[in-house]
Amino acid sequence: MQLILGFLNNALSWWHWLVLGAIPPLIIALYFLKLKRQPLEVPSTYLWRRTIEDLHVNSLWQRLRKNLLLFLQLLLIAIVMLACLRPSWQGRELVGERFIFLVDTSASMGATDLGPTRLEVAKQRVNELIDQMNTSDTAMLMSFSDRSRVEQEFTQNRRRLRRALAAVKLTHRTTSLDESLRYSAGRANPADSREGERDVMSVAEALPATLYIFSDGNVPDVADFSLGNLEPVYTRMGTDECQNIGITAFSAERNPEKPDHLQVFGRLRHFQQKNTRGEQTVDIRVGVDVFLDDQLIESREVRISEEGTGGIEFSMSDIDSGVLKMQLQADSRNDLVVDDVAFASVNRPKLSRVLLLTSGNDALDLALGTKQSQKLATVRHETPGYLNDANYQQQAEGGLYDLIIYDQCAPDKMPQANTLFIGQLPPMDSWTSGQVQSPVSIIDTDRTHPLMQFIEMGNVEIVEATPISPPRGGTVLIDSDLVQENTTHAALFAIAPRGGFEDTVLGFRLVDTVAGEVITNWPIRVSFPLFVNNVLSYLGSARRASQTFMNVQPGQPVVVQTDEPLQKIQVVSPDGSNLEVTRSGLGHFTFTDTETIGVYKIKNTSATDRQQLFTVNLFDSRESSIWPQLELEIGHETIPVQSASTPTRREAWKYLLVVALAVALLEWYIFNRRVYL
């Protein structure tokens, strides 16, 4: 703050200064006019001591010490005269009475272009605003990433605000202003306290407020939102000179042409301010290292093109399980480190667990017994009578099987698994069927669906079939000329979702298991074993395959399947902490505490299940692009960068008067105690 003496702003006229200037000479004159003291008789020893002190009478300090009260009085007048000049300095002032502080805690706020992280600088500036609050002001503190968090509700207690501010931590999440803005609007706009059917904010009072947003501005635009009584102030965190090189993708997949090899892919991007032609201003090279279980297996130099992109790709021998880590060392300035490393997990491929319930179907048994099918699943064969067994009920409800095939039979209750019903409807009212009709002609198939890929039904003959109608949201995969409810065509094969599972129904039997009659020639066609493989791949292995290379972004849930119907599992986070997860009602485990980038290990007590791995990576170009934005788009308004507080003139005369009062008290004390040094 620059000291400014406000000489032009003083309130005294010339004659006031004339009177004030006459006071010091008057005080000095009064000392000359002091009355002579009466002579008194004193002991001789006292005179000897005074005589010795007179030896120092020529000292200038001794002369001044006798007039201490004089100098204190002159100092008092000088301070008062200085206060009349109204000295001041340039300061800043918080305007308003009610404030909401929004602090961005997303991954990009970890950039170090401001010295410490952007978040630390933002917290310092919020702390300065808290210091500027008056005793009657109220403020609320919120942090936000892709979700908002109320750190401190409205309060006049600045100590609570500072304590809540100190607890705000950086996250690895992405950014969204939507939730925090709607929460803030509920505190300022009474009419917006409810939005649709969701109670955004229940509050006894809703008053206008100044909304301070401390962010780098790398947030999606907020649509369909009105600020109303909120007065936004956007404080931009970051510098124009920042730049970053980040990993935007890293994965490992088994090579379909070489099943015994893994194909590793990595993509880099250089984020910096572009020139007037929209191109990156530099062309750099970056060293990239790839590790397998902390052992270096590949090291390359990747060229980042003028467009700002680069990549790495190589093949390696297949592994049973392990962790791949991609680490880059930038040769130039890199202001964000959270995206300099990426992880990819490789888990042991798991066979799907399939249960077949049939009274006897040689064609289906043969198709499920091929080598290709055995690579996809382990199949357990049981008769329909197994439906009444207590073991079946426990396994079906516990989600032990990935797929259950019901051949001309149905359970009393749907299992926690995907299903295929052959010649039978599921025990749900949402599925309906018509009367058995004959003959049957296939009109069309949905070859875009994974279940019908490479399936040719033109040479398939069907003696009789039942038209079916899937529930709302279902998809018809095979259409026929059967008549149902005054329609000229009806479904023969359909699929529909059920919670986290999918149910499929085939409207005709492959063979009459009672009479032993063949209903269709489909089992002798090439398309039938292909169809069975599609069923195993899609309905049986879909969830299992997704766990071979599991990767999510910070904050996203991870769904875990186990071979045994366990009730609890343990998840070890990258920092070594153990978190317990309970099985959900859908038969799987959902882990949501994916806050930290790194490798997570899943442990359980099953003898058949080995340790599973999954990884959490940033992989978000918006967060890696750390160049701070000059404005925010909120609803139909554009919010430019503004200063967090308003410049103001702070005067010092009040403080000078306090000093003058202290000098006057000192002078009074010395006079009354007759202190002579």
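Every number here is computed from the coordinates shown, using simple stated rules; none is lab data. Here the structure is a predicted model, which is why all the values come from computation and not from measurement. Cβ coordinates were reconstructed from backbone atoms using ideal geometry, including for glycine residues, and neighbour counts include every protein chain displayed.
At-a-glance table
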read-out: Shape of segment 352-544, Cα gyration tensor, a/c cut at 1.5; value: rounded
read-out: Packing-based exposure ordering (other Cβ within 10 Å, fewest first) of TYR386, TYR538; value: TYR386, TYR538
read-out: Where the Cα pairs of segment 297-400 fall when distances are cut into 5 Å bins, in %; value: 2, 8, 13, 13, 10, 9, 7, 7, 7, 7, 7, 5, 3, 1, 0
read-out: Using a Förster distance of 41 Å, the FRET efficiency for GLU633-ARG254 (Cβ separation, nearest 0.05); value: 0.45
read-out: Distance between modelled label sites at GLN570 and ASN134, nm, 7 Å Cα→Cβ extension; value: 5.9
read-out: Residue-span extension gain [GLU306 to ASP224] - 0.36 nm each, minus C-alpha spacing; value: 25.8 nm
read-out: Gap separating the Cα centres of segment 472-505 and segment 405-435, nearest whole Å; value: 13
read-out: Estimated FRET transfer efficiency when R0 is 22 angstrom, pair LEU75-ARG673 (beta carbons, to 0.05); value: 0.75
read-out: Sorted by Cβ density within 10 Å, fewest first, the residues ASP446, ASP402, ASP389; value: ASP389, ASP446, ASP402
read-out: Residue pairs, from the table LYS325/LYS568; LYS169/LYS350; LYS123/LYS568; LYS123/LYS601, whose Cα atoms sit over 32 Å apart; value: LYS169/LYS350; LYS123/LYS568; LYS123/LYS601
read-out: Exposure proxy ranking, count of Cβ atoms within 10 Å, fewest first, for MET133, MET237; value: MET133, MET237
read-out: Label-to-label distance, nm, for residues given as THR448 and ASP320 (7 Å Cα→Cβ offset); value: 4.3
read-out: Positive dipole terminus of segment 352-544, leading residue within LEU482, THR432, LEU357 (C-beta point charges); value: LEU357
read-out: Simple spin-label estimate for VAL436 and GLU456 in nanometres, 7 Å along Cα-Cβ; value: 3.1
read-out: Hz values of 3J(HN,Hα) by residue in segment 218-229 - Karplus curve (6.51, -1.76, 1.60), Gly and Pro given as x; value: 7, 10, x, 4, 9, 9, 6, 9, 10, 5, x, 7
read-out: Pairwise FRET efficiency - GLN124 versus LEU661, Cβ, R0 = 25 Å, nearest 0.05; value: 0.10
